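The values are calculated or read from the model by the stated rules, or taken from the named source; none is laboratory data. From a predicted model like this one, the values you see are computed outputs, not experimental measurements. Glycine also receives a Cβ, built like all others from the backbone with ideal geometry; neighbour counts cover every protein chain displayed. In case anyone asks, the SASA skips ligands and DNA or RNA and just uses the protein heavy atoms, side chains included. Shrake-Rupley method; radii C 1.70, N 1.55, O 1.52, S 1.80 Å.
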Amino acid sequence: MKYLKNQPETYREQGRRSPGRWWAVALFWILLFASPCPSTYSQWIEKADLKGPYVDSEPFDLIFLNQSGEDAILKIKPLEGALPSTPLPERGQLVFEFFSGEDERFEVPYSSIEKIQTFNELLVDEADQWIVEKEYAKAFRNLFHVYNRGGKDDPKMVASMMSCLFLDGKENFESGEFELALSIFEDIYEKDPSFQVPGIPQPLVDIVMACHNGMIKKRFDNEDYVGVRKQLGAVIEKYGPTADRLNQEWTTSFLKRSNELLEQARIFAAEGKGREAHLAAKQSDQMFPDRPEVLELQGQLLLQFPLIVVGVSQKAADADPNRIENWASRRVGRLTQRTIIENTGLTDEGGKFEFLNGTIFPADDVGLKYVMELNDQPPGFAIPPLTAFQLSMRLTSFADARSPNYKVAWAKILDAVEIEDENRVSFTLRTPFVRPEALLKLPYSDPDENGQPDQNGFYVLMAEDNDIKTFELNPRYPRIVDRQHPVIVEQVFSSASKAVDQLIAGNIDVIDRAPIADLERLKSAEGVKVRAYILPTVHMLVPKIRGELNHDPNFRNGLSHAIDRRMLVNDVICDGTPVNGCDEISGPFPIGTEENDQIAYAYDLKVRPLAFNSQMGMVMVNLALRAQPPVRPDPIPSPLLVIAHPDSSLAANASAAIARMWSEIGVETTTRELKPGESVPQDQQWDFLYLEVTMEEPLVDAAAIVGSGGIANDVSAPIEQTLRNLSYAQSWQSACADLRRLHRQTAIDLSVIPLWQVKEHFAYRNTVREIGRDLIHLYQNVDRWKIDLTAEEEQQEK
């Protein structure tokens, strides 16, 4: 079929010269059918070819020819301004261009056209069908598209959109999706408060109130009492007297529920269930604030059961304050155990190390001899007692390979230990070391016969029930005058965000690790404070790929290039909100933050984080796969890789995102969550290990991560040599040089694959006092913690 093309002037001239109209029409159909060409046939479509959805396709119009045109359907470019009037003219021709053709103009007599259907009409017809099928979201998308393509001035179109929205809201309401239904109905109400769907007599504002009622009931049933009151207050403020009935009904329900919770709290208190009594009393106050009888009971409970609930997202299977690679173990370890020397902060030269039982200082000018002097321990001071003899035995035990506390770095440099008097012990080194006290963060005693450490901390674990751990004041220490010593309850939540919800609701008092994505929500919450730890966590992958690929640098490099670190930091870690201190890194050490950059002495800023390049990653991976024996022109199929990660939501989300990126370049990857307390899998069924490391002092902590004694123990000889040099560092200058060299070496051989640094935060309600600031450990000042239900602002801590 071939239309007369590129000759509009000739056609019109022929029409004027003709004595009648009939032969022009005949000429058109002769040209139409006499000279078929494939390009024209391709524009003639069947009804079966018209398949949606159309909204994402390029706009087009349709011409339906009548019987004289064999009922053909022509797909053409939108006529827009050239669209003829309705009904179509009896004479003349329609000029158009085919949809997929070149810029060639065609003509067809109006007498041969049955109808013209515009793209907007096509979208509306499709929307009507979707409304019948209750696909309201799809229908509204079509209608909104028509609205933006010239339909905004058509009252019928606007009414159709509103009706579609209403039907969508009605279906959501009937299925219990009140929040979604409310967003729809309120949008309609704001546009037209008098809007009413034919056949539904109920006023729109009543429907809005019904949605609010459903949402409040759902929150009420889920014991979100703070959210309930906030929502009701917002409704009253927005709708005024219109919401009076809703307000009266729920105020009565709130008072009734508050009385029930108050009675429950009294019963729990009589049964000695302090945690349950506190929670019921808090919820009673949330339900109906500032009732005198509730405040009185809360005061009594505070005296009878002083208690602070700490929400955590990682369960500690064991306790060890020195496990820098396990957040939960390190947290609980600081609560229940003390070490002879502890890191309490940062100085211009790394950590601030304090000898709990006295002081430690150099006894000569060359740094070979040090003295540890015992002070008289004040009565009631919660520090394990230590004699000069016990101290000397501990110092020698740490250098004894037969001891469970053997520390290789200490054994390398220790020469002799001497008891000078009953309060004074000295030790001599074989060679000067820049920070020997950093090596002495060690326990006061050996584990018992079951391998359990001595609970010599300020608190001890008293009870454990599923996801609840209860810690109380260590009975070996007397109570300190004017200190509250509240019971500490750790409650494990399935995700950190759920703990955030409970903190904002007032059901718990502290969160040990606030998600970066929830920081703004926490900061804006009433009665909640957010503070940053002074040490960030450093995140990395430790490769231990099964098979020959473990030794191919191209494979590791390719996988490392395929990780979009910047995107993951922005979207997965920070959820789109940039946070100072959350950055990509190029090595296994912290880069520090604007407030605390002292910890960055090990980081080499000259080494830039590896840029994301998935194409290069794919090429390098394929090179590695081709090189596997026997060498072949085509790569062998990639093995399934497994990323093992700790049981934290951040590590799980990041590992899953990395697995998807690797799968996109042809390396199928899955993830595996480790058991609570497990940092390294006990089996060999993994290829990469995701680590979250809180590095307190890179000078001594580097060897715990990289090297023959570390987690990443498959390292090159140059790295081992650098670690040996570091263990004998005599000055900060040489120590920093060795650490930065180690940074560069790991960046080259990828014995660890660095990812990012995260600035960690904790959050608490302002009823918890003296929790401290600039903390390394959450429980660093737990001996001073107290709970005070008054709303006064916390005094500035020293």
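Points worth noting:
- Put simply, of Asp168, Asp125, Asp153 the only residue that is in a helix (DSSP H, G or I), out of contact with any Asp or Glu (no Cβ under 8 Å at 6 or more places or on another chain) and at pLDDT below 85 is Asp168.
- Strands (runs of 3 or more DSSP E) (entirely within region 669-761) containing at least 1 residues that are open to solvent by less than 10 Å² (accessible area, probe 1.4 Å) and within 22 Å of Leu549 (Cα to Cα): 688-693, 753-758
- Candidate set from region 163-175 (those that are surrounded by fewer than 19 Cβ atoms within 10 Å (Cβ to Cβ) and not polar (S, T, N, Q)); member that is farthest from Thr118 (Cα to Cα): Glu174
- For beta carbons closer than 8 Å, sequence separation of 6+ or different chains, a first residue in region 392-415 that is under 14 Å from Lys441 (Cβ atoms) and in contact (Cβ under 8 Å) with a residue 40 or more places away in the chain and a second that is hydroxyl-bearing (Ser, Thr, Tyr) and open to solvent by less than 30 Å² (accessible area, probe 1.4 Å), the qualifying pairs are Arg394/Tyr444; Asn405/Ser397; Ala409/Ser727.
- Given (1) of a type outside the set (Val, Ile, Thr); (2) in contact with a Ser or Thr (Cβ under 6 Å, 6 or more places away or on another chain); (3) under 16 Å from Gly311 (Cα atoms), number of the condition Leu535 does not satisfy: (3)
- Selection of region 50-62 for residues being within 22 Å of Ser112 (Cα to Cα) and either in a strand (DSSP E or B) or open to solvent by 20 Å² or more (accessible area, probe 1.4 Å) (or both) yields Leu50, Asp61, Leu62.
- No other residue among Glu186, Glu190, Glu179 is of a type outside the set (A, V, I, L, M, F, W, C), assigned to a helix (DSSP H, G or I) and either in contact with a strand residue (DSSP E or B) (Cβ under 6 Å, 6 or more places away or on another chain) or more than 22 Å from Glu249 (Cβ to Cβ) (or both) apart from Glu190.
- Options Leu541, Leu605: the member that is over 29 Å from Ser495 (Cβ atoms) and of a type in the set (A, V, I, L, M, F, W, C): Leu605
- Residues of region 469-511 that turn out to be over 26 Å from Pro384 (Cα atoms) and not in a helix (DSSP H, G or I), as a count: 11
- Every residue from region 384-405 that is out of contact with any helix residue (DSSP H, G or I) (no Cβ under 8 Å at 6 or more places or on another chain), surrounded by fewer than 19 Cβ atoms within 10 Å (Cβ to Cβ) and either basic (Lys, Arg) or outside any helix (DSSP H, G or I) (or both): Pro385, Thr387, Arg402, Pro404
- Output for region 113-159, where each listed residue is of a type in the set (S, T, N, Q) and either open to solvent by 60 Å² or more (accessible area, probe 1.4 Å) or touching a residue at least 60 places away in the same chain (Cβ under 8 Å) (or both): Gln129, Asn142, Asn148
- Qualifying positions in region 311-340 - buried (at least 21 other Cβ atoms within 10 Å of the Cβ) and of a type in the set (A, V, I, L, M, F, W, C): Val312, Ala316, Ala319, Ile324, Trp327, Ala328, Val332, Leu335, Ile340
- Selection count where residues are part of a helix (DSSP H, G or I) and of a type in the set (A, V, I, L, M), scope region 762-783: 2
- Residue within region 429-438 that is modelled with pLDDT of 90 or more and open to solvent by 60 Å² or more (accessible area, probe 1.4 Å) present: yes
- Among residues of region 578-613 being among the β-branched types (Val, Ile, Thr) and under 16 Å from Ile776 (Cα atoms), the one that is surrounded by the most Cβ atoms within 10 Å (Cβ to Cβ) is Ile599.
- Look at region 654-678: where a residue is closer than 13 Å to Met618 by Cβ and charged (D, E, K, R) and a partner is open to solvent by less than 10 Å² (accessible area, probe 1.4 Å) and not in a helix (DSSP H, G or I), sitting 6+ places away or on another chain with Cβ atoms under 8 Å, you get Glu664/Ala562.
- Checking the stated criteria, Glu237 turns out not to satisfy the condition of being modelled with pLDDT under 85 and surrounded by fewer than 17 Cβ atoms within 10 Å (Cβ to Cβ).
- Between Val631, Val579, the distinction of being on the phi < 0 side of the Ramachandran plot, modelled with pLDDT under 90, under 23 Å from the mean Cα position of the chain (by Cα) and aliphatic (A, V, I, L, M) belongs to Val579 only.
- One residue stands out in region 72-111 among those that are without any contact (Cβ under 8 Å) to a residue 60 or more places away in the chain and part of a helix (DSSP H, G or I): the one that is surrounded by the fewest Cβ atoms within 10 Å (Cβ to Cβ), namely Gly81.
- Filter pass, Met661 being open to solvent by less than 50 Å² (accessible area, probe 1.4 Å), in contact with a strand residue (DSSP E or B) (Cβ under 9 Å, 6 or more places away or on another chain) and of a type in the set (A, V, I, L, M, F, W, C): yes
- Candidate set from region 542-570 (those that are open to solvent by less than 30 Å² (accessible area, probe 1.4 Å) and within 18 Å of the chain's Cα centre (by Cα)); member that is nearest to Ala644 (Cα to Cα): Ile563
- For region 531-539, the criterion of being of a type in the set (A, V, I, L, M, F, W, C), farther than 30 Å from Ala702 by Cβ and under 18 Å from the mean Cα position of the chain (by Cα) is met by none of the residues.
- Of all residues making up region 56-111, the number that are basic (Lys, Arg) and farther than 27 Å from His145 by Cβ: 2
- Among the candidates Asp221, Asp206, Asp192, the residue that is more than 21 Å from Glu177 (Cβ to Cβ), open to solvent by 20 Å² or more (accessible area, probe 1.4 Å) and of a type in the set (Asp, Glu) is uniquely Asp192.
- Across region 515-541, the qualifying residues are those that are assigned to a helix (DSSP H, G or I) and among the aliphatic types (A, V, I, L, M), and the one among them that is most open to solvent (accessible area, probe 1.4 Å) is Ala517.
- Just one residue in the set Val309, Val332, Val371 is without any contact (Cβ under 8 Å) to a residue 60 or more places away in the chain, touching a strand residue (DSSP E or B) at 6+ places or on another chain (Cβ under 9 Å) and not aromatic (Phe, Trp, Tyr); that residue is Val371.
- Being modelled with pLDDT under 90, of a type in the set (A, V, I, L, M, F, W, C) and at negative phi holds for only one residue in Leu549, Leu559, and it is Leu549.
- Qualifying position, being over 30 Å from Gly169 (Cβ atoms), surrounded by fewer than 17 Cβ atoms within 10 Å (Cβ to Cβ), free of Cβ contacts under 8 Å to residues at least 40 places away in the same chain and more than 36 Å from the chain's Cα centre (by Cα), among Glu263, Glu249: Glu263
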